[in-house]
Amino acid sequence: MIKEVNRACEKMNEALGVSVKLPNPGKRSLNAAGICNFVVGTGLTAAGIVFSSKWCTVLGGIGILSSFILHRENGGEGK
């Protein structure tokens, strides 16, 4: 998915005459980002439950969801 987004942005940059190089993350950086998102998401979800904070629980859920998406992008199960 990241490669497709980068290709679409490159086409748009060419059409606009702009030279912007987007990063293409490797497996190691995707894995690190996924682990970080999971840990932070779990912490936010737990804090949201303990302190009865809806926004904290929602942000935690989004963090956990993004960690699963990064796991799939990195070649994990579910493809």
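Rule-based calculations on the coordinates, nothing more; no lab input. Quick caveat, the model's predicted, so the values are computed rather than measured. Heads up, the Cβs are rebuilt from the backbone with ideal geometry, glycines too, and the neighbour counts pull from every protein chain shown.
Could you list, in sequence order, all residues of the stretch 34-79 that are over 12 Å from the mean Cα position of the chain (by Cα) and closer than 24 Å to residue 4 by Cβ?
75, 76, 77, 78, 79
Among residues belonging to the stretch 1-33 that are of a type in the set (Val, Ile, Thr) and under 20 Å from the mean Cα position of the chain (by Cα), point out the one that is nearest to residue 68 (Cα to Cα).
Within the stretch 1-33, the match that is nearest to residue 68 (Cα to Cα) is 2.
The conditions are (1) surrounded by 14 or more Cβ atoms within 10 Å (Cβ to Cβ); (2) in contact with a Leu (Cβ under 9 Å, 6 or more places away or on another chain), and residue 5 fails exactly one of them. Which is it?
(1)
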